[in-house]
Amino acid sequence: MNSTRIVSHLMTALVIAEQGSMSRAAKILHISQPSLTRLVRLLEAELGAPILERGARGVRLNEFGERVMDHARAIRAHALQLDRNIEGWRAQPRLQLHLAAAPVSPLAPFSRAVMDVLRDMPDAQIRVTVGPPAETLKLLSEGTAEMAIVPLGGPEQHKFSRELLYHDAMAIYCAASHPLAVAANLGIDELKQQRWVLGPPGSLVRTRIEELFASLGAAPPEIGLEVDDVALRRSMVVNSPFISAFQSHHVFNEVTAGLVVRIAYHWPQEVSPVGLLRLVPHTDLSARLREALRHRLREAGMPTQIRNDEAPQIAL
């Protein structure tokens with residue numbers, strides 16, 4: 001098997017897989033469709049099995065093709081990282097990192113971690129792109145970003161190396177001036193008597209609260225305010241007698257500032273692991289940022305657990 005030729009053909013097949021169309025891929029690659037078809041056949045001959053299934057709506061990867069393309073994406077990510085490093089070395093001796101992040105990380109520890117790295121590595125250049133988890137995974141798969149911070153879990157993450165940063169749990173909060181802020185050993189009856197602000201039916205937090213009440217044989221609480229936006233709901237809790245539930249990262253700054261208090265109600269639930277995903281090995285810069293994040297999260301009291309970056313060792 002000619003490794004140089006197969007890598008070139010893999011990159012071609014990756015374009016086809018991502019476009020879902022031979023004709024669109026041919027236009028992007030600036031080659032004729034018959035030539036593209038021949039390249040695919042050569043690749044499949046090298047691999048000893050077909051990788052694409054052709055149908056009325058175009059082409060898609062079969063199971064074997066999906067496995068092969070996982071390697072192709074990693075190769076592309078390595079190549080793009082090399083390109084960025086070479087360009088950076090030629091222009092100026094700077095370390096560069098593009099981090100994609102879902103809006104899950106507590107802002108204060110994240111900001112402090114980035115500042116720690118830039119203080120210790122003044123020649124470093126860090127770019128942060130914030131977006132939904134699906135978008136961060138797309139940037140990582142394309143090799144545009146070198147590392148991503150996202151909730152861990154889901155079959156689409158199997159191709160990445162994963163490292164646990166912290167666990168995000170849900171709890172019930174009230175303003176610091178609320179009577180429940182100093183109450184202890186609360187039961188479901190006390191919670192039911194409160195005025196609640198939650199999202200619309202079907203939203204994550206409201207669903208969890210309804211499940212909590214139902215598990216204890218209680219009717220769901222009356223929702224006095226229905227607010228879809230997390231920031232507005234958070235402000236309502238700070239400035240009113242209403243209570244609500246949040247994931248811990250949503251109210252980290254308010255808790256730290258003493259504006260809201262976690263209500264002393266024991267709510268058994270599964271926590272959500274949040275961590276780092278990578279396709280390429282750590283650079284000095286990315287490893288330094290990882291350690292800075294862990295340090296600042298521990299310092300902030302976030303529930304952390306450090307394990308090595310082998311995906312099978314992370315419990316999801």
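What are the residues in the stretch 28-49 that are outside any helix (DSSP H, G or I), exposed (fewer than 12 other Cβ atoms within 10 Å of the Cβ) and of a type in the set (A, V, I, L, M), if any?
To start, the set of residues in the stretch 28-49 that are outside any helix (DSSP H, G or I) comprises 30-32, 48-49.
When the remaining residues are screened for being exposed (fewer than 12 other Cβ atoms within 10 Å of the Cβ), the result is 30, 32, 48-49.
Selection gives Ala49 alone.
Yes/no matrix, rows are residues, columns are (1) of a type in the set (Ser, Thr, Tyr); (2) under 30 Å from Leu297 (Cβ atoms); (3) surrounded by 20 or more Cβ atoms within 10 Å (Cβ to Cβ):
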position	(1), (2), (3)
Arg208	no, yes, no
Ala218	no, no, no
Glu222	no, no, no
Leu232	no, yes, no
Val238	no, yes, no
Ser248	yes, yes, yes
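For the stretch 55-72, check the following and say yes or no: at least one residue is of a type in the set (Val, Ile, Thr), closer than 30 Å to Thr283 by Cα and out of contact with any strand residue (DSSP E or B) (no Cβ under 7 Å at 6 or more places or on another chain). Give the steps one after another, and end with the answer.
Keep residues of the stretch 55-72 that are of a type in the set (Val, Ile, Thr), which gives 59, 68.
After this cut, where a residue has to be closer than 30 Å to Thr283 by Cα as well, the list is 68.
Cutting the leftovers down to out of contact with any strand residue (DSSP E or B) (no Cβ under 7 Å at 6 or more places or on another chain) gives us 68.
Scanning the stretch 55-72 turns up at least one residue that is of a type in the set (Val, Ile, Thr), closer than 30 Å to Thr283 by Cα and out of contact with any strand residue (DSSP E or B) (no Cβ under 7 Å at 6 or more places or on another chain).
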Of everything in the stretch 164-203 that's of a type in the set (Ser, Thr, Tyr) and touching a strand residue (DSSP E or B) at 6+ places or on another chain (Cβ under 7 Å), which residue is farthest from Ala300 (Cα to Cα)? Tyr173
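Based on this model, can you work out whether Leu99 counts as hydrophobic (A, V, I, L, M, F, W, C) and assigned to a helix (DSSP H, G or I)?
Working: hydrophobic (A, V, I, L, M, F, W, C): yes; assigned to a helix (DSSP H, G or I): no.
Judged against the criteria, Leu99 is not a match.
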Complete set of residues in the stretch 172-185 that are closer than 23 Å to Phe252 by Cβ and assigned to a helix (DSSP H, G or I): Leu180, Ala181, Val182
Loosely packed, with under 14 Cβ neighbours inside 10 Å, under 20 Å from Gln269 (Cα atoms) and touching a residue at least 12 places away in the same chain (Cβ under 8 Å): is that true of Ala214 in this structure? no
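Read-outs: derived from the displayed coordinates by stated rules, not from any lab. Keep in mind that what you see is a predicted model, and the values were worked out from it rather than measured. Glycine also receives a Cβ, built like all others from the backbone with ideal geometry; neighbour counts cover every protein chain displayed.
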